[in-house]
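Any read-out appearing in this document is the output of simple, stated calculations on the displayed coordinates, not a laboratory observation. Everything numeric here is computed off the predicted structure, so don't read it as measured data. Reconstructed Cβ throughout: ideal geometry from the backbone, glycine too, with neighbour counts over all protein chains shown.
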C-alpha cells in the first residue's frame with residue numbers, strides 16, 4: 001500500500017513533532033501552540049512559513065486520521081505526538097533523515113549528518129548515505145521510495161537528497177532554490193558594475209579608432 005501524499009503544511013507539522021520529541025523532550029507531547037511556534041520558526045526551516053492556528057489544527061486532524069499523529073492521553077490540555085516510524089514502517093535512523101528533509105528541504109548527505117546531531121549521531125557520512133539509499137530503493141511492497149537523489153546543481157560538488165512524502169513534483173519544486181534577497185541584490189550590483197565597464201571600454205575603443213583613423217569593429 002502506498003503511503004499518503006502529504007501537503008507541505010502537513011509535512012511541516014509532522015516534522016515539527018518529530019524534532020521537538022528529540023530536542024525538547026520535557027515539553028513533549030506538544031500543545032497546539034507549541035506546534036504552531038515550531039511550524040513558524042524562522043531558523044532551521046526551509047521554506048519559512050506563516051501558519052495560523054486554524055491551519056495547524058486542520059493539519060493535525062488530517063494527520064490523526066492517517067494514523068501519523070495521535071493525541072496524548074492523561075493530559076489536561078490536548079497534546080499531540082507523532083507516530084511516524086510505525087506509520088511509515090521505517091527504522092529510527094531513516095525517520096530522523098526524513099524529518100530533517102521535511103523541515104529543511106533538500107540537503108547533501110554531509111549536511112544531513114551535521115544537521116541531525118541533536119536528533120541522532122550517525123557514525124559517518126557513509127552511514128547516512130546507506131540509509132538514504134535504502135529509502136530510495138524501498139520496494140513497492142513496502143510503499144515505494146521515500147527519498148530521491150537530485151541531479152547535481154551547477155557548481156555544486158555533491159548531490160542533494162529530497163523526501164517524497166509530498167510527491168515527486170513537490171520534491172523537484174523544492175530543489176529549485178531561489179536566491180536570497182541579499183544574494184539577489186549583490187548579483188544586481190555586480191551586473192551593474194560589469195555594464196559600466198563595458199560602456200567605458202566601448203567609449204575607449206571609439207576614441208582610439210577615431211585617433212588612429214580606423215573603422216570601428218564590425219564596420220567596413
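Numbers at a glance
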| read-out | value |
| --- | --- |
| Added length on full extension, which subtracts the Cα-Cα distance from 0.36 nm per residue, residue 7 to residue 114 | 35.9 nm |
| Difference of contour (0.36 nm per residue) and Cα-Cα distance, residue 125 to residue 41 | 27.5 nm |
| Cα→Cβ-extended label distance, 7 Å offset, between residue 77 and residue 26, nm | 1.6 |
| Computed FRET value (nearest 0.05) for residue 156 with residue 215, which takes r as the C-beta separation and R₀ as 45 Å | 0.50 |
| Taking 19, 158 and counting other C-beta atoms within 10 Å, the order from fewest to most | 158, 19 |
| Translational diffusion coefficient (Stokes-Einstein; Kirkwood radius from C-alpha pairs) of the stretch 38-182 at 37 °C, 0.692 mPa s, in µm²/s | 197 |
| Three-way shape call for the stretch 1-97 based on the alpha-carbon gyration tensor, with the a/c threshold at 1.5 | rounded |
| C-alpha center-to-center spacing [the stretch 74-149, the stretch 37-69] in angstrom | 18 |
